[in-house]
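The values are calculated or read from the model by the stated rules, or taken from the named source; none is laboratory data. Nothing here was measured: the structure is a model prediction, and the numbers come from that model. Using ideal geometry, Cβ is built from the backbone for each residue, glycine included, and neighbour counts are taken over all protein chains shown. Surface accessibility is based on the protein's heavy atoms, side chains included, excluding ligands, DNA and RNA. Shrake-Rupley method; radii C 1.70, N 1.55, O 1.52, S 1.80 Å.
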Amino acid sequence: MATLGLVAIWLTPALEKKQIFPMQPIVVTEPGLDPADFMLAPLVVEATNRELLDTLTISGVIHSSLYNALNESGVGVLPPAARHQRAWSLADIFEYKVDMSRDLRQGDKFHLLVERLQKPNGAIIVNKVLGARLALSGGTNPLEAINYNTHGATSAQYYDASGISLRAAFLRAPVAFRRISSIFGSRKHPIFGEWRNHTGTDYAAAEGTPVRAIGDGLVVFAGRKGGYGNMIDIRHRNGMVSRYGHMRNFATGMRPGMKVAMGSTIGYVGMTGWATGPHLHFEIRMNGVAHDPKLALQSKGGEPIPAGERNLFQKMRNQTLASLNETRLTRAAE
């Protein structure tokens, strides 16, 4: 019974304190003791089951990592789990424009406008990011994103300040927010110890990390291939081929002739073939020639806001940018 009682207490949500009414002190005495042995000052607390919804602006400067910057700037307003999740949200919003593993530098600035939901039991949930700004130190203009749901769409998308969708034809990276261990170009091979041309980008990631198709396409090869180990080639509509090597295993159904969608999981990071540790080798090939993925995947953006909705979008954009402009930058811990 004691165990059941503890479980019931643990599962009972804490009600939010709404109003506190002070009452007159109560004098507690016992026969034979002096009056006013001790006093109680009781409180009456009114609780509510209503959810509270508001907006919150968060900003900061990156000095060590995006995780640390968002964790520091969200102290006191968001729980740790929600602060960490914002790093992934920012990476997802700008994933068509920025490779978070390659493009972020110390001194880069970010601003976020989020919708915060507080449950009756005190739990705080970030419903969605309403707007974002990312100012890269090496760039001239900041990247901006406005959350907007076009008429008839099943979900909202992010658009830049001019009303162009941030969703492009290709993702900038095949794994979400990972560290680059080797870039395109000449390098000293970690196994053979000699200088060789590295034909792609290596992403260091834990074994089993999902690998994403960077764009819609057709699988033209899925199998074992020499030093690449387990490898998949995907041909895209523009004739470009994306290559993914050293994978531990493939996703179910991966075989030549299968169509894949952008962002779908095609396999998992491993260390098959010539690899000294778990990572993904990623290539972009055009007409059989390897190209630097950083340059090959640059994009100007996607579709514009429908003409009939531009006035509504502009009003939302102006409100969102005004809120972002009001945020004060907080210095993240180094």
Please report the accessible area of Val77 (heavy atoms, 1.4 Å probe, ligands and nucleic acids excluded) in Å², nearest 10. 40
What residues have an amide H closer than 5 Å to that of Ser264, excluding those fewer than 5 places away on the same chain, when H is modeled at 1.01 Å from N in the peptide plane? Ala213
Computed accessible area, Met240, all protein chains, 1.4 angstrom probe, square angstrom: 10
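Using a/c under 1.5 as the rounded threshold, could you call the range 243-291 rounded, prolate or oblate? The axes a ≥ b ≥ c are square roots of the C-alpha gyration tensor eigenvalues, and prolate needs a/b larger than b/c, oblate otherwise. Let's see the in-between values first.
On the way: a/c = 2.05, a/b = 1.09, b/c = 1.89.
Oblate shape, in that a/c is at least 1.5 and b/c is the bigger or equal ratio.
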What figure, in Å² to the nearest 10, do you get for the accessible area of Tyr268 with a 1.4 Å probe and non-protein molecules left out? 60
Out of residues 5 or more away from Gly60 or on other chains, whose amide H comes under 5 Å of its own, with H placed 1.01 Å from N in the peptide plane? Phe110, Thr330
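Using a 1.4 angstrom probe on the protein heavy atoms only, line up Arg167, Arg86, Arg285 by accessible area, largest first. Intermediate values should be presented prior to the final figure.
Values: Arg167 120, Arg86 20, Arg285 50 Å².
Sorted by accessible area, descending: Arg167, Arg285, Arg86.
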In the range 48-147, with Lys and Arg counted as +1 and Asp and Glu as -1 at Cβ, which of these residues, Ser101, Leu52, Leu113, has the Cα nearest the positive end of the dipole, that is, farthest along it? Leu52
Karplus-derived 3J(HN,Hα) from phi for the range 214-221 (6.51 cos²θ - 1.76 cosθ + 1.60, θ = phi - 60°), whole Hz, x at Gly and Pro, runs 7, x, 4, x, 10, 5, 10, 8
Assign one of three labels to the range 211-334, namely rounded, prolate or oblate, based on the Cα gyration tensor with a ≥ b ≥ c the square roots of its eigenvalues; rounded applies when a/c is under 1.5, prolate when it is not and a/b is larger than b/c, and oblate otherwise. prolate
Taking θ = phi - 60°, what integer Hz values does the Karplus form 6.51 cos²θ - 1.76 cosθ + 1.60 yield along the range 141-148, in sequence order, with x for Gly and Pro? 10, x, 8, 10, 9, 10, 6, 8
